[in-house]
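Enquirer: For reference, the structure I am asking about is given below.
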Amino acid sequence: MYKILKAEMLADKIYLMDVEAPRIAKACQPGEFVIVKMDDRGERIPLTICNYDREKGSITIVFQTVGASTEKMAVLKTGDSFADVVGPLGNASEFVHEDIEELKKKKFLFVAGGVGTAPVYPQVRWMKEHGIDVDVIVGAKTKDLLILEDAMREQAGNLYITTDDGSYERKGLVTEVIKDLVLNQGKKYDVCVAIGPMIMMKFACLVTKELGIPTVVSLNPVMVDGTGMCGACRVTVGDEVKFACVDGPEFDGHLVNFEEAMKRQMMYKSEEGRAVLKEREGDTHHGGCGLCGGNE
Amino acid sequence: MDVLKKVPVREQDPKVRATNFEEVCLGYNEEEAKEEASRCINCKNPKCVAGCPVSINIPGFIKEVENGNHEEAAKIIAQSSALPAVCGRVCPQESQCEGQCIRGIKGEPISIGKLERFVADYSREHGFVPTAPEKTNGKKVAVIGSGPSGLTCAGDLAKMGYEVTIFEALHEPGGVLTYGIPEFRLPKEGVVQPEIDNVRKLGVKIETNVIIGKSVTIDELLDEEGFQAIFIGSGAGLPMFMGIPGENANGVFSANEYLTRSNLMKAFRSDYDTPILASKKVAVVGGGNVAMDAARTALRLGAEVHVVYRRSEAELPARAEEVHHAKEEGIIFNLLSNPIEILTDEKGWVNGMKCIKMELGEPDASGRRRPVEIEGSEFVIDVDTVIMSLGTSPNPLISNTTNGLDINKRKCIIAEESTGKTSKEGVYAGGDAVTGAATVILAMEAGRAGARGIDEYLSSKE
Ligand SMILES: Cc1cc2nc3c(=O)[nH]c(=O)nc-3n(C[C@H](O)[C@H](O)[C@H](O)COP(=O)(O)OP(=O)(O)OC[C@H]3O[C@@H](n4cnc5c(N)ncnc54)[C@H](O)[C@@H]3O)c2cc1C
Ligand SMILES: Cc1cc2nc3c(=O)[nH]c(=O)nc-3n(C[C@H](O)[C@H](O)[C@H](O)COP(=O)(O)OP(=O)(O)OC[C@H]3O[C@@H](n4cnc5c(N)ncnc54)[C@H](O)[C@@H]3O)c2cc1C
Ligand code: SF4
Ligand code: SF4
Ligand code: FES
């Protein structure tokens, strides 16, 4: 059992938990993820490691409720436990392995969308710990959905916040901020790291491609085992098929086939996918998410 | 009784079992077992034993069954096999023990697998349990992976007095026995779980959710956690795909994904959360045990199922019993056919599979006749789901993160057959991780060899 040391609601539908997992806390690096399972009948849910405390032996996860399992997880309180937490999975962000002096010569731009702010955070923190100031753009639908603002401000060089509806700081999408920084404010970046919803990463990549900034994205396809055993997580990058759990989850964003990745995510996810599933899965689609009507 | 024929084994009716996940074969009862045992002529030079990879004293245990001494029979089997309830069910007997049985020349061979299974089930039901040694020798050994090779190695070492910890990446132990082979062939609660519990009763600790190479490395286990030797039994779990157009469409799965969702995550039960696609028409590509298991699982989930295999029936690598059962249940075999493209609708879902007809040409390196395409013979099978079952290879995670551990070009760990010794001191390996995808009994035997190798190594270090 993996004890929840702290459970907190960060914003509507977004939750943060510190979970006791000594082996993972000792071994993990920015960019990696875990798979959690609530109880003996639960699904295996992949979540990025958003922070870690090597001394306390704990890791932090931040998740958004989107379906049956994340809804159930949201109800867990401090002192409850997950039946299973396995990790760290995936590969650490590439910069972790680079020479620090070389790294210091590069200018990094981090772009976070929505709950993607959480996975960006440990990377920015790692940079700060190694004496590197990076620029960070955080986008949220609206002020109330902005998460980890203070924590991010502490670690970032410059922090640019934007909301879709203009309820806080800038108004507009993260892509507009990227353009503004580069085209109007004369900023130059050698690397962009964009993490958020698939659609945001896709458009961020279109912009950075135009601007000539190499871009890394972190993909979140459907997964089962997370160890390279099932192939559920396959994505096309350039001409190659990769397993996101063992070859990624971070890839060259300019090579990712986002169209295919988004279609594959729909398999068990979107309204559309759910409707299809309800029709096709019949009794085996267990519903319970309250959204798709699969359990009606 | 016709001595030329096997005592028939009771099975669930094909029509009934096609809709449930209960075990297909019900096994012999005491009376039937006795009767079947009496057919064995107790050969002086038993060919059957030579056919069994672990050389079980087959006439010996069969004699005890005939005399009703089942506990004695169990002891004889235990000298050579740690997982009889499993092997009796899943060994390819027709090409091993039974394939050599002298009775098979004129009539049907002795039903050795079914008798072995009977003895194992009988001992479980009558509570013959192994006991842990009273005192351990204080030496710590780590075993990676809890499939048949890891479980056997751990059990043997524990019996010799070692303190053994198994590290397993998944949340449940058992390896392929748990996540791959379906319930209707190998019941989890009834058969696999008790075998694992027996290993625990010997004092073996099992730590799940630990991925060696990620959560902790082999070097750390040796240098920081005080393990003096390591056995790697991490299997060959990496699925292959064909690389044909449309393979990433929604509705194309690896057999591993399909079976893992169904077996490990129990997606076929509505009280578990993991979903699985209930398809109308499924094509399973491949002809091995894994393909049969995926096909029969899809059938039970309500689909019409086609097995698409590029050679002919004679070359099907699956166990004969599996092919027979699959046919009885209504699986359709499209032989001498090879997929060349998966067709999709505008939303990215599978809506057909284009294949080409094959004919058998000259024998290839493996001695099997090589299938060649018949030009212009393309045709489309109307399916909404495709399950790729083309084989698996070892996961490179451990070899990539362990200094000085040599692998061959198939990514298999290089190890000595008789001891499991690898290129790295104190590290032993066996099972599918070494041989590539093989069988339960071979993995088990490799676990035994590894335990012997580790014992020799640690004894010589004193
Ligand atoms: C490497 C990785 C890191 C992730 N990190 C985070 C994170 O830090 N915070 C966060 O909120 N979410 C993260 N996700 C997404 C999260 O795993 C999904 O939101 C979650 O699985 C949805 O489960 P559900 O049952 O509540 O939703 P449902 O929509 O009901 O899910 C149904 C099925 O689809 C699968 N599924 C649906 N959406 C996704 C998705 N986006 N990714 C993977 N599987 C999906 C689930 O496994 C399940 O089988 C990550 C995903 C991956 C692969
Ligand atoms: C669907 C299917 C049907 C089959 N049917 C038959 C049959 O009828 N008859 C037969 O004889 N054989 C059959 N086989 C083959 C047989 O199951 C295997 O040969 C056998 O299980 C191999 O045993 P193993 O111990 O080497 O590995 P596995 O059983 O594969 O076990 C390996 C274990 O190691 C774990 N692991 C892997 N990497 C790590 C890591 N880095 N850290 C920690 N743990 C790790 C895995 O999660 C797994 O639990 C079948 C296989 C499949 C997939
Ligand atoms: S272990 Fe397998 S090969 Fe050996 S006797 Fe039993 S069924 Fe036959
Ligand atoms: S070869 Fe057949 S008949 Fe002879 S001992 Fe073995 S099982 Fe019995
Ligand atoms: S999640 Fe199974 S291979 Fe990646």
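Enquirer: Which of the residues that make up the stretch A:237-259 are more than 20 Å from B:Thr392 (Cα to Cα) and facing chain B (nearest Cβ under 10 Å)?
Expert: Hits for the stretch A:237-259 are A:Asn257, A:Glu259.
Enquirer: Can you name the condition, by its number, that B:Lys34 falls short on among (1) within 16 Å of ligand 4 (Cβ to nearest atom); (2) within 25 Å of B:Thr152 (Cα to Cα); (3) assigned to a helix (DSSP H, G or I)?
Expert: Tallying (1) within 16 Å of ligand 4 (Cβ to nearest atom); (2) within 25 Å of B:Thr152 (Cα to Cα); (3) assigned to a helix (DSSP H, G or I), B:Lys34 fails exactly one: (2).
Enquirer: Are any residues in the stretch A:218-235 facing chain B (nearest Cβ under 7 Å) and either part of a loop (DSSP other than H, G, I, E, B) or more than 13 Å from B:Leu238 (Cβ to Cβ) (or both), and if so, which ones?
Expert: If the condition is that a residue be facing chain B (nearest Cβ under 7 Å) and either part of a loop (DSSP other than H, G, I, E, B) or more than 13 Å from B:Leu238 (Cβ to Cβ) (or both), then A:Val224, A:Asp225, A:Thr227, A:Gly228, A:Met229, A:Cys230, A:Gly231, A:Ala232 are the ones that fit.
Enquirer: Could you count how many residues in the stretch B:306-322 are at pLDDT below 95 and in contact with a helix residue (DSSP H, G or I) (Cβ under 9 Å, 6 or more places away or on another chain)?
Expert: 8
Enquirer: With (1) under 21 Å from B:Val16 (Cα atoms); (2) within 24 Å of the chain's Cα centre (by Cα); (3) open to solvent by 20 Å² or more (accessible area, probe 1.4 Å) as the list, and B:Val290 as the residue in question, which single condition is left unmet?
Expert: Only one criterion is unmet by B:Val290, namely (1).
Enquirer: Same structure again: Which numbered condition in (1) of a type in the set (D, E, K, R); (2) over 16 Å from B:Ser149 (Cα atoms); (3) in contact with a Gly (Cβ under 8 Å, 6 or more places away or on another chain) is the only one that B:Glu168 fails?
Expert: In the conditions (1) of a type in the set (D, E, K, R); (2) over 16 Å from B:Ser149 (Cα atoms); (3) in contact with a Gly (Cβ under 8 Å, 6 or more places away or on another chain), B:Glu168 misses (2) alone.
Enquirer: Quick one: which helices (runs of 4 or more DSSP H) sit completely within the stretch B:370-462 and have at least 3 residues that are open to solvent by 30 Å² or more (accessible area, probe 1.4 Å) and acidic (Asp, Glu)?
Expert: B:440-460
Enquirer: Is it the case that some residue within the stretch A:69-89 is within 14 Å of the chain's Cα centre (by Cα) and either surrounded by fewer than 21 Cβ atoms within 10 Å (Cβ to Cβ) or within 11 Å of chain B (Cβ to nearest Cβ) (or both)? Step through it out loud before you land on a result.
Expert: Narrowing the stretch A:69-89 to residues within 14 Å of the chain's Cα centre (by Cα): A:89.
Narrowing the set further to residues that are either surrounded by fewer than 21 Cβ atoms within 10 Å (Cβ to Cβ) or within 11 Å of chain B (Cβ to nearest Cβ) (or both) leaves A:89.
Scanning the stretch A:69-89, I find at least one residue that is within 14 Å of the chain's Cα centre (by Cα) and either surrounded by fewer than 21 Cβ atoms within 10 Å (Cβ to Cβ) or within 11 Å of chain B (Cβ to nearest Cβ) (or both), so the answer is yes.
Enquirer: If you don't mind, there's one more thing I want to ask. From the list A:Asp144, A:Asp165, pick out the single residue that is part of a loop (DSSP other than H, G, I, E, B) and over 22 Å from A:Leu219 (Cβ atoms).
Expert: Among A:Asp144, A:Asp165, only A:Asp165 is part of a loop (DSSP other than H, G, I, E, B) and over 22 Å from A:Leu219 (Cβ atoms).
Enquirer: Could you tell me whether any residue of the stretch B:114-131 is among the aromatic types (Phe, Trp, Tyr), more than 16 Å from ligand 2 (Cβ to nearest atom), under 30 Å from B:Ala154 (Cβ atoms) and open to solvent by 20 Å² or more (accessible area, probe 1.4 Å)?
Expert: Yes - at least one qualifying residue is present in the stretch B:114-131.
Enquirer: Which residues, counting only those in the stretch B:65-92, are in contact (Cβ under 8 Å) with a residue 40 or more places away in the chain, within 15 Å of ligand 4 (Cβ to nearest atom), part of a helix (DSSP H, G or I) and farther than 15 Å from B:Arg124 by Cβ?
Expert: The one that is in contact (Cβ under 8 Å) with a residue 40 or more places away in the chain, within 15 Å of ligand 4 (Cβ to nearest atom), part of a helix (DSSP H, G or I) and farther than 15 Å from B:Arg124 by Cβ: B:Val65.
Enquirer: Within the stretch B:261-270, does at least one residue satisfy the condition of being outside any strand (DSSP E or B), facing chain A (nearest Cβ under 7 Å), of a type in the set (A, V, I, L, M) and in contact with a His (Cβ under 9 Å, 6 or more places away or on another chain)?
Expert: Scanning the stretch B:261-270, I find at least one residue that is outside any strand (DSSP E or B), facing chain A (nearest Cβ under 7 Å), of a type in the set (A, V, I, L, M) and in contact with a His (Cβ under 9 Å, 6 or more places away or on another chain), so the answer is yes.
Enquirer: Is it true that some residue in the stretch B:90-112 is of a type in the set (D, E, K, R), more than 16 Å from ligand 1 (Cβ to nearest atom) and closer than 21 Å to B:Asn198 by Cβ?
Expert: No, that holds for no residue.
Enquirer: Also, quick follow-up: For the stretch B:379-399, which residues satisfy the criterion of being more than 22 Å from the chain's Cα centre (by Cα) and either within 11 Å of chain A (Cβ to nearest Cβ) or under 30 Å from A:Pro88 (Cα atoms) (or both)?
Expert: B:Asp384, B:Thr385, B:Ser399
Enquirer: If you don't mind, another one. I'm trying to understand the selection: among the residues of the stretch B:223-247, which are facing chain A (nearest Cβ under 8 Å) and open to solvent by 20 Å² or more (accessible area, probe 1.4 Å)?
Expert: B:Leu238, B:Phe241, B:Gly243
Enquirer: Working only within the stretch B:430-462, note down all residues that are in contact with a helix residue (DSSP H, G or I) (Cβ under 7 Å, 6 or more places away or on another chain) and among the aliphatic types (A, V, I, L, M).
Expert: Of everything in the stretch B:430-462, those that are in contact with a helix residue (DSSP H, G or I) (Cβ under 7 Å, 6 or more places away or on another chain) and among the aliphatic types (A, V, I, L, M) turn out to be B:Val434, B:Ala438, B:Val440, B:Ile441, B:Leu442, B:Ala443, B:Met444, B:Ala446, B:Ala451, B:Ile454.
Enquirer: Kindly indicate whether B:Gly104 is within 11 Å of ligand 2 (Cβ to nearest atom) and either in contact (Cβ under 8 Å) with a residue 24 or more places away in the chain or of a type in the set (Gly, Ala, Ser) (or both). I'd like the intermediate steps shown before the answer.
Expert: Values: within 11 Å of ligand 2 (Cβ to nearest atom): no; either in contact (Cβ under 8 Å) with a residue 24 or more places away in the chain or of a type in the set (Gly, Ala, Ser) (or both): yes.
Judged against the criteria, B:Gly104 is not a match.
Enquirer: Select from the stretch B:156-187 the residues that are closer than 15 Å to B:Gly431 by Cα and among the small types (Gly, Ala, Ser) and write down the one among them that is surrounded by the fewest Cβ atoms within 10 Å (Cβ to Cβ).
Expert: Here the residue is B:Gly174.
Enquirer: Any residue that is surrounded by fewer than 24 Cβ atoms within 10 Å (Cβ to Cβ) and closer than 29 Å to B:Ala33 by Cβ - is there at least one of those in the stretch B:136-154? Let's see the steps before the verdict.
Expert: First, the residues of the stretch B:136-154 that are surrounded by fewer than 24 Cβ atoms within 10 Å (Cβ to Cβ): B:136-140.
Imposing the further condition that a residue be closer than 29 Å to B:Ala33 by Cβ reduces the set to none.
Checked the stretch B:136-154: no residue is surrounded by fewer than 24 Cβ atoms within 10 Å (Cβ to Cβ) and closer than 29 Å to B:Ala33 by Cβ.
Enquirer: Suppose we filter the stretch B:212-259 for residues that are near ligand 2 (Cβ under 9 Å from one of its atoms) and part of a helix (DSSP H, G or I); how many remain?
Expert: Of the residues in the stretch B:212-259, 3 are near ligand 2 (Cβ under 9 Å from one of its atoms) and part of a helix (DSSP H, G or I).
The values are calculated or read from the model by the stated rules, or taken from the named source; none is laboratory data. Keep in mind that this is a model prediction, so the values were computed, not measured. Every residue, glycine as well, gets a Cβ built from its backbone with ideal geometry; the counts of neighbours run over all protein chains shown. These area figures cover heavy atoms from the full protein model, side chains too; ligands, DNA and RNA do not enter into them. Shrake-Rupley method; radii C 1.70, N 1.55, O 1.52, S 1.80 Å.
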